[in-house]
Every structure is written in structure tokens, then in C-alpha cells.
1. Going by a ≥ b ≥ c, the root eigenvalues of the Cα gyration tensor, does region 148-271 fall in the rounded group (a/c under 1.5), the prolate group (a/b larger than b/c) or the oblate group?
2. Need the full-extension length gain, Glu107 to Ile236, defined as separation in residues times 0.36 nm minus the C-alpha distance. One decimal, nm.
3. Quick one: Cα convex hull volume of region 199-271, Å³ per residue?
4. What chymotrypsin sites (Phe, Trp or Tyr not before Pro) in region 55-139 are in a loop by DSSP, with at most 13 other Cβ atoms within 10 Å of the Cβ?
5. Can you tell me the equivalent ellipsoid semi-axes for region 44-180? Use √(5λ) from the Cα gyration tensor, largest first, whole Å.
6. Provide the gained length on full extension for the span Val149 to Ser83, in nm with one decimal, where the gain is 0.36 nm per separating residue minus the Cα-Cα distance.
7. I'd like to check one number: the per residue accessible area of region 139-271, probe 1.4 Å, reported in Å² as a whole number.
8. Using label points projected 7 Å from each Cα along Cα→Cβ, tell me how many nm separate Ala55 and Phe249, to one decimal.
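The values are calculated or read from the model by the stated rules, or taken from the named source; none is laboratory data. Keep in mind that this is a model prediction, so the values were computed, not measured. Glycine also receives a Cβ, built like all others from the backbone with ideal geometry; neighbour counts cover every protein chain displayed. Just the protein is used for accessible areas: all its heavy atoms, side chains included, with ligands, DNA and RNA removed. Shrake-Rupley method; radii C 1.70, N 1.55, O 1.52, S 1.80 Å.
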Amino acid sequence: MSRSSRALRLPRLGFWLVVVLSALIAGCSGCSPEPGPEWLRELPAADLDAIPDGAAVWAAVPRGEHGALQLGIQRLISAEDGSRRLVDALGVEAPVLAPALVHPLPEGNPPSAGTAVLIDRFDVHGAVARWRADGARPIVALDRHGTTVETDVAHAQPFPVDGLPRRVVYAGENVRHLGIAVAASEEQVWILEASGFVAVAPVADVSPAGPLDAAAVGDRVRAWTWADGLRDAQVIEIVEPRLRWRVRFDDGAERTLWFADVLPAGPPSIG
């Protein structure tokens, strides 16, 4: 696989076993545990000293036992040994896999109604929703298994233009994919895929992925599905204004999609 399209898959159990063993023997002089996967070793350096203890941050943390990651809101804390750790809303602690995967929350006013936002709540992490209202907790329109629900969330923010995390389109093998950039250097971008695994792509192969704000029947768009990536399509029905559209792909297949998976028309599909 070429450098411009490599998607580096984490081992099923080996990496997290290394993480656990590394924590257990951290104080052992002369011990030299095996490093993590290549993508983790290549992350750029970052400094967490400026983030105060207890501050809320976006962070990618281990999810399950198969090497996948989960992007969500965590609080950065200091352990007794002076290291920094992450703890979620339920009090579950996780290691800081790398400082480059930890990002302070942006400052700013609440979004305006209808803005696309990245949200976090106890059972949904790093999803894309539409802002509805501000209150004791933000209210958003959220996709739950094909049904739109209005619900409160712990955190909601517009995607930053330059900061992280942000949604991106990147070139995979024969297709373009949607993902969330969780780290970046001058040369590469580390992207959390929908599967929870990490892909690494050159900066030149990555572009911002702002979702479609509104559409009319007949509009040309790019639409993403898990199986086929990002493909050219046409809007054939407004199922829910600004939330859900039915599209027809150029091969004739039709799908009803959440707005986050429909982008404005852009570069043609690969292949």
C-alpha cells in the first residue's frame, strides 16, 4: 500500500496489552517494553503542561479490547506519580496514549440554531448533530439508528476551521473516506475512522469536510456510506429539511442518509 493511502490497523490485542504492561512496569529500571504501533510512535510532540488539572478536553482513548479508539470529552488529571491521565463522566480512567491526541476545548459563544456540531454525551461520542438550543445543557437534533431525536448533550461545538478535532475527507485505497482528524504534523494527519481505527495520510491528501447545510432535489452531492466510501450522487428527496436526504448514486443505488454523511459536490470519486 502506498504512503499516500496507507490505513494502519492496530493489532487486535497486542497494543493494549503493551499499554497495560507498560503501566505496570513503568518504575522498573532496565525494562524496555515493546513500543506501540507505528502510527502512535510517529505522532508529533505535544505539551500538556498548559492545560490545568481537571480541565475538559477532547481526547482519543482506548475503546474495547481490539485496539480501536473513541473520541470523547475527558477530564485531564494528575496521578500520584505526576503523570497525566484522563477520566470520563462516569469516573473511568484511561491513559494518555500520546499528548498529541489531547485537545483543549475551544472558547466561544454558543452556536446559532442549525449549526452542525460535534457532540459528546454518556452514550454517544464524537457524533455530528444539528444545534437546536442552549440551556442548562445543549439541545441538538441527533441521528439514532435512522431516527431523528432531539436530546440534551454534555457538550456541543462547531467544528474548528484550523484546530482539532475536525472532520476531513482523505484518500484511501481506491476510495475517499470521511473521518475525524485527531492529530496533525506538517507532513501527516492522523484520522479516526468510523470503525474506531486510525488511518494516516499525507497532508496533501486530506481536505476539510463541512457537511451540507441545505439541499434541493436535483443537487449534485458527495455521499458517504460505510461500504463504499465517498461517492458522487444526486439528491432525489428531502426527507427532513437540513437533516436527512435521499440520494441516488451514479450506479443507480439509493440511500437515505443523515446530513453529516452528505457533502457539497467536490472532487470526483476515485476510480
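1. oblate
2. Between Glu107 and Ile236, full extension yields 42.6 nm more.
3. Given the Cα convex hull of region 199-271, per-residue volume reads 96 Å³.
4. Qualifying residues, ordered by number: Phe122.
5. 25, 20, 15
6. 19.8 nm
7. Dividing the accessible area of region 139-271 by its residue count gives 45 Å².
8. Here the modelled spin labels are 4.3 nm apart.
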